[in-house]
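Chemist: Take this structure, written in structure tokens, and hold onto it; I'll ask about it next.
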Amino acid sequence: MPSKKTAAADYPQAVTAQIAQLAQHIVTARKRRGESQAQWARKLGVSQPTMARIEKGDPSVAMASYVMCMWLINPAAGLAGLIAPQADTSALEREVMKARAVGKRARAPKPATPAFNAAPAGVASVPAFAAHAPNNTQIAAGLAALMAGAQLAAP
């Protein structure tokens, strides 16, 4: 089944604005280096007309061509880092909200049942356990550390 190409007008304006800004940065970098579109096209393995389309911010140009331009400008910078899990603040905020909701449910008062009021001999009481349970701030810090790839220390 043939794929339908998305027209430039169908992309969100914020996306096309970002591509246009990227294109301007590519033009500036190429010109600052004193190189022609043809020279960059050869380095990228694309035609000069494709290089011109990149510099116009054409969203239909293959993503790899834009990434290759960025690599030519700064080989040390990693594009994938922009969307790495630890940089995904929306997902992290969502996980913190879930953790807070779980924490609130865990702290909700439960009706006492006479048979379960007293702790068995040698077992810490519920208030003693609660004093060592993590709070929302600790849970959020732990989630942030996990997202950053850190190892958590035992409490």
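The values are calculated or read from the model by the stated rules, or taken from the named source; none is laboratory data. Quick caveat: nothing in here was measured; it's all calculated off a predicted structure. Backbone-built Cβ (ideal geometry, glycine too); neighbour counts: all protein chains shown.
Chemist: For the stretch 48-65, what are the residues that are under 20 Å from Gly78 (Cα atoms) and outside any loop (DSSP other than H, G, I, E, B)?
Modeler: Ile54, Met63, Ala64, Ser65
Chemist: Something else: Among the residues that make up the stretch 29-47, is at least one of them basic (Lys, Arg), part of a loop (DSSP other than H, G, I, E, B) and surrounded by fewer than 13 Cβ atoms within 10 Å (Cβ to Cβ)?
Modeler: Among the residues of the stretch 29-47, at least one is basic (Lys, Arg), part of a loop (DSSP other than H, G, I, E, B) and surrounded by fewer than 13 Cβ atoms within 10 Å (Cβ to Cβ), which makes the answer yes.
Chemist: Return the only residue of Met51, Met68, Met63 being exposed (fewer than 10 other Cβ atoms within 10 Å of the Cβ), assigned by TED's automatic domain parsing to the domain that holds Ala17 and modelled with pLDDT of 90 or more.
Modeler: Only one candidate passes the filter, namely Met63.
Chemist: Let me ask another. Looking at the stretch 88-128 only, could you name the residues that are at pLDDT 80 or above, part of a helix (DSSP H, G or I) and not basic (Lys, Arg)?
Modeler: Within the stretch 88-128, the subset at pLDDT 80 or above is 88-102.
Filter again for part of a helix (DSSP H, G or I), leaving 89-102.
Within the stretch 88-128, Thr89, Ser90, Ala91, Leu92, Glu93, Glu95, Val96, Met97, Ala99, Ala101, Val102 meet the criteria.
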